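The values are calculated or read from the model by the stated rules, or taken from the named source; none is laboratory data. All figures in this text were calculated on a predicted structure; none of them were measured in a lab. When we count neighbours, we look across all protein chains shown, and the Cβ atoms used for this are built from the backbone with ideal geometry, even at glycine. Remember, those area values only see protein heavy atoms, side chains included, never the ligands or the DNA or RNA. Shrake-Rupley method; radii C 1.70, N 1.55, O 1.52, S 1.80 Å.
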Amino acid sequence: MKTRITELCGIEHPIIQGGMHFVGFAELASAVSNAGGLGIITGLTQRTPELLAVEIARCREMTDKPFGVNLTFLPATTQPDYPGYIRAIIEGGVKLVETAGNNPAKWLPVLKENGVRVIHKCTAVRHALKAEAIGCDAVSVDGFECGGHPGEDDIPNMILLPRAADELKIPFVASGGMADGRSLVAALAMGAEGINMGTRFIATVEAPVHQHVKDAIVAASELDTRLIMRPLRNTERVLTNAGVERLLAKERDLGSAIKFEDILPEVAGVYPRIMQQGDMDAGAWSCGMVAGLIHDIPTVRALIDRIMTEAEAIIGERLQGFARG
C-alpha cells in the first residue's frame, strides 16, 4: 500500500508507532520497523542525550529499516538538553523525528539542514496548519479518543480527520482509536495517509513493558479510560486505577483551586513503577479508548500483517461489493 506517508518515511506499510514514555525503546521500535512500519524511540525516556545515542545505536543493530525518534518539547522550569538530544539524533543517522508538545519551530532549521524529516503531533486543525506553515513535513492528527494528551477541544476523529483533509496540503496520519484494518481503511477514507498507533502497540509481545500492563489493556473496555488534569488545562487520557481515582477525587475536592503540586504523588515518576515493575495502581499512565478493541497480545509482525490483510479485504471485497451493488 503506497501513500505519501510510506513515501516520506521509506516504509512498506502506512503504520507508525507513536512515541510512548517508557515504552518506545529499541526493542519495540525495531520490531515495528522490521515488520514494515515506522518504529519510534521515545527520546525523553532516555535521561540524557548520551543515553539516547546508545539507544539509537541499539536500534540500529536490531534493524536496517528506517526508524524515528520522538522528541516532546515540554514547558519546564529546567529544560531538557534539547540541543544535545537533537545532536544525538543527527549523529545517530536518524532521518525522521516525531515532535510533540510545544511549537518545534526553534529546532526545525538544524533538523532540516541535516536531512531530518519532521512529523508533528497536533490535536487541532489550527495547530496542524501552523505546523505546515513552519515547515513540518507531515503531521499526526490526534483525535479526542487518543491516549495521552488530546488537547482541550474534544473533537473526535470522525470530525477532525476530514477537517484536516479539507485544510492541509502536507500529508497526515490519524492517531487515536487506531487498532486494526478497519481503523486504517476508515482513516484513509477520511483523508489520512496512514495511522499512528500507541496503545495497540503496548499490547504486543515485543513491547518492553511488564506483563501486567499488557494484561490490563486486554482486560479494559472502551469505558475504562479517564480524563485527568482538565482543571489544569493539561488534559490527559489514562487507564483508570486506584491512583487515578485518588487523583480525580482531589480534582473534585479542590476544584478550581487545584495546583499541579497537589497531584504529584499520582503523576511524578510513576512510569517506571508501572511499565517496568507492573505496579498497576501507582498512578496515571496514558491509554486510549481503543483498549476496547484490543483482545490479544500478538507479535508486532503478526499485528501489522493482520491489519494490512484486513484492510485489503475491506477495500477489495466489502467496499467494492457496495460499489458493484
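Please find, within the range 169-182, the residue that is farthest from His13 (Cα to Cα) out of those that are touching a strand residue (DSSP E or B) at 6+ places or on another chain (Cβ under 9 Å) and surrounded by fewer than 24 Cβ atoms within 10 Å (Cβ to Cβ). Looking at the filtered set, the residue picked out is Ile170. Note on the range 224-247: among residues that are hydrophobic (A, V, I, L, M, F, W, C) and within 20 Å of Gly151 (Cβ to Cβ), the one that is surrounded by the most Cβ atoms within 10 Å (Cβ to Cβ) is Val238.
Among residues of the range 78-137 being acidic (Asp, Glu) and in contact (Cβ under 8 Å) with a residue 60 or more places away in the chain, the one that is least open to solvent (accessible area, probe 1.4 Å) is Glu98. For the range 1-23, the tally of residues that are charged (D, E, K, R) and buried (at least 18 other Cβ atoms within 10 Å of the Cβ) stands at 0.
Going by what's in this entry, would Met190 be described as within 16 Å of Thr3 (Cβ to Cβ) and surrounded by fewer than 20 Cβ atoms within 10 Å (Cβ to Cβ)? For Met190, the condition - within 16 Å of Thr3 (Cβ to Cβ) and surrounded by fewer than 20 Cβ atoms within 10 Å (Cβ to Cβ) - is met.
A single member of Ile263, Ile314 is assigned to a helix (DSSP H, G or I), within 20 Å of Ala179 (Cα to Cα) and touching a helix residue (DSSP H, G or I) at 6+ places or on another chain (Cβ under 7 Å), and it is Ile314. For the range 193-209, the tally of residues that are open to solvent by 10 Å² or more (accessible area, probe 1.4 Å) and touching a helix residue (DSSP H, G or I) at 6+ places or on another chain (Cβ under 6 Å) stands at 5. Criterion applied to Glu113, Glu145, Glu98 was being out of contact with any Pro (no Cβ under 7 Å at 6 or more places or on another chain), within 30 Å of Pro231 (Cβ to Cβ) and among the acidic types (Asp, Glu), and the one residue passing it is Glu98. Kindly indicate whether Gly151 is over 18 Å from the mean Cα position of the chain (by Cα) and farther than 20 Å from Pro14 by Cα. Answer is no for this residue. Checked against the criteria, Ser221 counts as surrounded by fewer than 19 Cβ atoms within 10 Å (Cβ to Cβ) and hydroxyl-bearing (Ser, Thr, Tyr). If a residue has to be open to solvent by 70 Å² or more (accessible area, probe 1.4 Å) and within 15 Å of Gly93 (Cβ to Cβ) to count, how many in the range 38-77 make the cut? Counting residues in the range 38-77 that are open to solvent by 70 Å² or more (accessible area, probe 1.4 Å) and within 15 Å of Gly93 (Cβ to Cβ) gives 7.
Listed by first and then second residue, the pairs with beta-carbon distance under 6 Å, at least 6 apart or on different chains, first residue in the range 192-212 and closer than 9 Å to Leu28 by Cα, second surrounded by fewer than 24 Cβ atoms within 10 Å (Cβ to Cβ) and of a type in the set (D, E, K, R), are Glu206/Glu27; Pro208/Glu27. The single residue among Arg301, Arg273 that is in contact (Cβ under 8 Å) with a residue 40 or more places away in the chain, basic (Lys, Arg) and part of a helix (DSSP H, G or I) turns out to be Arg301. Listed by first and then second residue, the pairs with beta-carbon distance under 8 Å, at least 6 apart or on different chains, first residue in the range 37-59 and closer than 17 Å to Thr72 by Cα, second buried (at least 24 other Cβ atoms within 10 Å of the Cβ) and of a type in the set (Ser, Thr, Tyr), are Gly39/Ser33.
Condition test on Leu293, is it surrounded by fewer than 19 Cβ atoms within 10 Å (Cβ to Cβ), under 27 Å from Asp154 (Cα atoms) and within 19 Å of the chain's Cα centre (by Cα)? In short, yes.
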